[in-house]
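The values are calculated or read from the model by the stated rules, or taken from the named source; none is laboratory data. These numbers were taken from a predicted model, which means no experiment stands behind them. Neighbour counts are summed over all protein chains in view; Cβ atoms, including those assigned to glycine, are modelled from backbone coordinates with ideal geometry.
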Amino acid sequence: MPRREVVYEPLPSQLQFHVLGTRFKGFSGPVGSGKTEALCQEALRLAYVNGPVMGLVGAPTYRMLADVTRMKFLEFLERNSIPHRFHKSENALTLDECGARIIFRSLDQPTRLVGTTLAWFALDELTYSKEDSWRRLEARLREPRAKEPVGCAVWTPKGFDWVYNRFIGPKKVRGYGAIFARPGENRHLPDGFYDSLKESYDDRFYKQEAEGEYLSVFAGQAYYAFDRNQSVRPLGFDPAAPLCWSLDFNVDPACSVLAQVVDTSSRDDRINGIRRQVVHVLDELVLPDTRTVEHVTEFIKRIEPLYSQGLGAIRIFGDASGDANKSSSLKTDWQQVKELLRSNARVPVAYHVPAANPPVRGRIAAVNSMIRNAQGERRLCVDPKCFELIADLEQVAWKRDSAGNTLDALDKSNPKRTHTSDALGYLVWATCRPNQPGPQSTPLLGGVR
Ligand SMILES: Nc1ncnc2c1ncn2[C@@H]1O[C@H](COP(=O)(O)OP(=O)(O)O)[C@@H](O)[C@H]1O
Ligand SMILES: [Mg+2]
C-alpha cells in the first residue's frame, strides 16, 4: 500500500474515531466539532488502505454533498498535493497513487444506491438521511479485494432515531460502534461560535446541536418554550414597522395572523452587523368555513383603523401550497389574495412567500427560539386577543405512532389546532430563522424535514 503523509492533527475524539475497529463506525458530535473534517480524513485513509477498488462518499442532499463534504475533501487533496483526477460527469474521482476510485453520492434517493460493489463508504450528517439508504449501502459493502471493509458516518444527534438505535442505544447492532465528540473540544473554531448559536437556538435545540446531546427535542408539546405568563401581553400597532400578514390556506377554519417584526438592534449591534428582531402578534383571523376571498375581505376590514395610525406598508407571508392550482379553471389562493389586495389595499404590498414550505421541524425550532432562546431572551409576544394562537402554542403536539414513537409531523387530530401557529411559523421562518448549520441551512435544515 503506498504511504502518504498529510498535514492533519486530529483532535482527541477524531483520533478515537480513526482507530475504532468496528466494521461500522460513527462519530457523533455537536455542530462544529470536526465531524466533516474527520470524515474526509477517514475516507482518504480508507481509500489508500483499500487500494484500487471503489469507495463512496455521501451526504444527505446533493447540495450538502457538493457545498460541504465533497468540497472539503477536494480542498484537502489540493492542499496536500495528493495526485488525483476528478471526473465531473460521473461525480467521481481517481487517486493516482493508490488507484482508488471514489464516487460522491447524495442519499436522498435510496433507490439509486443499488448496484456496484463497494470496499468502503463514508457518510456525512447521517441523521438527516433515511435508514433505507444506509441499508442499501450496507448491502453493497462486499468487495472481496477490500483490505479494510468499513462503513463509517458522522452526525449531529437527532434524538432517539434509527442512528441512535443502530450505533448507540441499548439494542445497538453487533459490529457497530460510535464515539462522541466533547462540546468545546474543537479549538479551531472562531471565537464566539457557540455564543452566537445560544442566541438563535432555543434551550433544547441548543443542547442537541451545540452540546451534542441525545434528547427528545421533537416530542410532546411542540412549542414547549411557550409560557402564557411570559409571552402574552397587550400590544399596540407600531407605525415605524410594516404590518405582516401570514396565512394558512385552510378552509375550516381559515387562519392568519397579523403581526409586526420590530427591529430592536442598537447602534452598536448595527456596526457589528448584528440584527435583533422581535415579533409582535397583534391579532388573528380564525374564520369558520371561509374561502380565500372572504378571508382577504375580512383582513381588509380589520386593517381599516390602522391607516389613520400610520400604516405604511404590508408584507405578506404564508403557506406556499396556496399556489397549488386546485383545478385549472380556478385561480390559486395566492392569485386571489394578490388581486383583492391590488384593488383594495391603500399602501404598498410586498410578497414573501417561498416556493416551498419550510420543513416542519425547522419551522417549529425557529418559533421556539423566538419564544425563548438558550440565553433566556423572549423575542415573541402575543396579544391576549389571539385566543386560538395561544391555544395552539400551548396545545399543539408532535404526532405519535401506535407504539408511542414520535413521528415527523404534528398531531392534526383536533381540526381547530395547528393552523394559526402554522401561519405564525411561516412568518417567523421567513423573517427571523437562525442561520443553522447542517443541511438545514441549504434552504434548513429547505433542508431536511
Ligand atoms: N483536526 C483539525 N485540525 C484543524 N482544523 C480542524 C480540525 N478538525 C476540525 N477543524 C476545523 O474546524 C471547523 C469545523 O469542523 P467541521 O468538520 O466542519 O465540523 P462539523 O462537521 O462537526 O460541523 C472547520 O473549519 C474545520 O476545518
Ligand atoms: Mg459538517
- Task: Within region 164-193, count every residue that is away from ligand 2 (no atom under 15 Å from the Cβ) and assigned to a helix (DSSP H, G or I).
- Result: 4
- Selected residue [modelled with pLDDT of 95 or more and assigned by TED's automatic domain parsing to the domain that holds Glu42] from Ala181, Ala122: Ala122
- Task: For region 131-142, state whether one or more residues are among the acidic types (Asp, Glu), not assigned by TED's automatic domain parsing to the domain that holds Thr406 and not in a helix (DSSP H, G or I).
- Result: no
- Could you list all residues from region 33-67 that are within 11 Å of ligand 1 (Cβ to nearest atom) and either closer than 23 Å to Pro12 by Cα or not assigned by TED's automatic domain parsing to the domain that holds Thr116 (or both)? Ser33, Gly34, Lys35, Thr36, Glu37, Ala38, Leu39, Cys40, Gln41
- Query: Quick check: is even one residue across region 62-76 assigned to a strand (DSSP E or B), at pLDDT 95 or above and crowded, with 17+ Cβ neighbours inside 10 Å?
  - Reply: no
- Task: Hey, could you check region 9-34 for residues that are within 16 Å of ligand 2 (Cβ to nearest atom) and either hydrophobic (A, V, I, L, M, F, W, C) or under 20 Å from Asn80 (Cβ atoms) (or both) and say which is nearest to the chain's Cα centre (by Cα)?
- Result: Val31
- Note on the structure: The condition from (1) more than 23 Å from Asp252 (Cα to Cα); (2) exposed (fewer than 15 other Cβ atoms within 10 Å of the Cβ) that Ser321 misses is numbered (1)
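So which residues in region 198-212 are under 20 Å from Phe27 (Cβ atoms) and either assigned to a helix (DSSP H, G or I) or assigned by TED's automatic domain parsing to the domain that holds Ser33 (or both)?
Lys207, Gln208, Glu209
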- Message: I'm trying to understand the selection: among the residues of region 337-391, which are farther than 21 Å from Pro242 by Cβ and among the β-branched types (Val, Ile, Thr)?
- Response: Val360, Ile364, Ile371, Ile390
